[in-house]
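The values are calculated or read from the model by the stated rules, or taken from the named source; none is laboratory data. Just so it is clear, the structure is predicted and the values come from calculations on it, not from any experiment. Using ideal geometry, Cβ is built from the backbone for each residue, glycine included, and neighbour counts are taken over all protein chains shown.
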Amino acid sequence: MARAWLREILASPDTELAGVVDLVPATAEALVHRAGVQDTPTGHDLATLAAATRPDAVVDVTVPEAHLPVTLEALALGLPVLGEKPVAATLPEALRLTAASEAAGELFMVSQSRRYDRNLAAFRDRVRRLGRPGILTTEFFRAPRFGGFRETMPHPLLLDMAIHPFDTARWILDAEAVSVRCEAYNPSWSWYRGDAAATAVFEMTDGIRYVYNGSWCSGGLETSWNGAWRLSGELGSAAWDGENPPEAEFHDAGGAPPAKGEAAQEARGASNPQGVAGALAEFVHALRTGVTPTGEVHGNVLSLAMVMAAVASAQTDRRVHIELLLEEARTEALTAAAGPEAARLRAWPSASEALAVTPKGLHRAG
Ligand SMILES: NC(=O)c1ccc[n+]([C@@H]2O[C@H](COP(=O)([O-])OP(=O)(O)OC[C@H]3O[C@@H](n4cnc5c(N)ncnc54)[C@H](O)[C@@H]3O)[C@@H](O)[C@H]2O)c1
């Protein structure tokens, strides 16, 4: 994934590559060599390279287990961070990073690159025209042969993939998950050791239901990587295959009038940077203006909370309430946190209330 980030950082007129750090120095050297910028400083220690190159920000593309130490170190150096998803490997670690960002007064944004998709944006616009949303569904059926850790980890589909549609569902609905009931299972022919299939029903705010039905060992008639989406609303339905422009149909033949300026808005959206480039552009814009980006850590933790709640429900065969899960995670986070980070965690009225609002003035414009 670091190769994709290097490509976009080098291509963007708004960013310069200051240096590349990897635990394995040869990996950092190979990355800059492959990108054709072999004069770029490399190293295996963030603080040392930061002191030598004085960067404005850190892009963290390490493995999920390293998101906590790398982001904590960058924030302590006074550097804002743009991190790959998931925000952290566990929910307590994600809350520690949220508190650390508050304590440092530096932006920590998580890149959910699948949000930056012009057809998804068009689907979200269609949904807005269908009155009150009631049911949102995602069907995800593919059969990738990854080899490696995904074939032996527990819950590969929920832990490694489902964060994308769960985060997308929050964005489409402008709603948060309240609770979930999830079953995870492994079809008899599955080549994964962990459960490669899952069905989760989320209760979202305003009583909306979000239903995710997915499998990573279902060959034939495969859905797109984004999955196939359908929204049933008060005035009609909208559908998106995850790749092409979406469609919508209203109950009554007349339908709702086109939203004012919709065509012009979609035309503007079509020229927005997509995927990783979109996340990078939003991060730069946030640093320059102080505007809170969509992936700011407080809100983004709620996407990871959906994943962890689904896993907990599958493991216990019970409905799991997000608010309670977050509070348990805060208690656990406090056993490991210290100093200003722990003080922030303690000062929150509750974990879910702290995440629902992004503190104003969290980061400086500059
Ligand atoms: N958005 C997407 O579609 C998408 C796709 C793939 C991966 N990802 C995410 O990108 C991240 C990286 O995934 P990947 O597949 O590139 O992993 P990878 O294992 O290929 O690369 C991770 C690199 O991080 C280095 N590293 C590990 N710990 C480190 C530390 N403490 N300090 C410095 N370097 C360290 C490793 O040496 C390795 O070179 C993960 O969070 C993953 O979930 C996102």
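So that you can scan it fast, the table gives a plain yes or no per residue for (1) closer than 29 Å to Val284 by Cβ; (2) within 16 Å of the ligand (Cβ to nearest atom); (3) touching a strand residue (DSSP E or B) at 6+ places or on another chain (Cβ under 6 Å); (4) in contact (Cβ under 8 Å) with a residue 60 or more places away in the chain:
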{"residue": "Arg114", "(1), (2), (3), (4)": "yes, yes, no, yes"}
{"residue": "Pro133", "(1), (2), (3), (4)": "no, no, yes, yes"}
{"residue": "Phe146", "(1), (2), (3), (4)": "no, yes, no, no"}
{"residue": "Leu159", "(1), (2), (3), (4)": "no, yes, no, yes"}
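Among the candidates Leu77, Leu68, the residue that is aliphatic (A, V, I, L, M) and either within 19 Å of His164 (Cα to Cα) or touching a Lys or Arg at 6+ places or on another chain (Cβ under 9 Å) (or both) is uniquely Leu68.
So that you can scan it fast, the table gives a plain yes or no per residue for (1) surrounded by fewer than 17 Cβ atoms within 10 Å (Cβ to Cβ); (2) modelled with pLDDT under 95; (3) not assigned by TED's automatic domain parsing to the domain that holds Gly295:
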position	(1), (2), (3)
Phe146	yes, yes, yes
Ala169	no, no, yes
Ile172	no, no, yes
Trp191	yes, no, yes
Thr199	yes, no, yes
Thr223	no, no, yes
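Restricting attention to the stretch 279-300, the residues that are in contact with a Ser or Thr (Cβ under 9 Å, 6 or more places away or on another chain), over 16 Å from Val61 (Cα atoms) and of a type outside the set (Asp, Glu) total 7. The combined condition, being in contact with a strand residue (DSSP E or B) (Cβ under 6 Å, 6 or more places away or on another chain), within 14 Å of the ligand (Cβ to nearest atom) and either over 22 Å from Met153 (Cβ atoms) or part of a strand (DSSP E or B) (or both), is fulfilled by Ala74. Taken over the stretch 174-183, the criterion of being in a strand (DSSP E or B) and surrounded by fewer than 24 Cβ atoms within 10 Å (Cβ to Cβ) is satisfied by Val178, Ser179, Arg181, Glu183. Of all residues in the stretch 1-60, which are buried (at least 17 other Cβ atoms within 10 Å of the Cβ), more than 10 Å from the ligand (Cβ to nearest atom), over 23 Å from the mean Cα position of the chain (by Cα) and of a type in the set (A, V, I, L, M)? Hits for the stretch 1-60 are Leu17, Ala18, Val32, Ala35, Leu49, Ala50. Of all residues in the stretch 61-71, exactly one satisfies the criterion of being more than 6 Å from the ligand (Cβ to nearest atom) and of a type in the set (S, T, N, Q), namely Thr71. Of note, Ala28 satisfies the criterion of being in contact with a strand residue (DSSP E or B) (Cβ under 9 Å, 6 or more places away or on another chain) and in a helix (DSSP H, G or I). On the basis of being without any contact (Cβ under 8 Å) to a residue 12 or more places away in the chain, out of contact with any Leu (no Cβ under 7 Å at 6 or more places or on another chain) and assigned to a loop (DSSP other than H, G, I, E, B), does Ser218 make the cut? No: the conditions fail for Ser218.
Against the list (1) outside any loop (DSSP other than H, G, I, E, B); (2) out of contact with any Cys (no Cβ under 6 Å at 6 or more places or on another chain), the condition Ala310 fails is (2).
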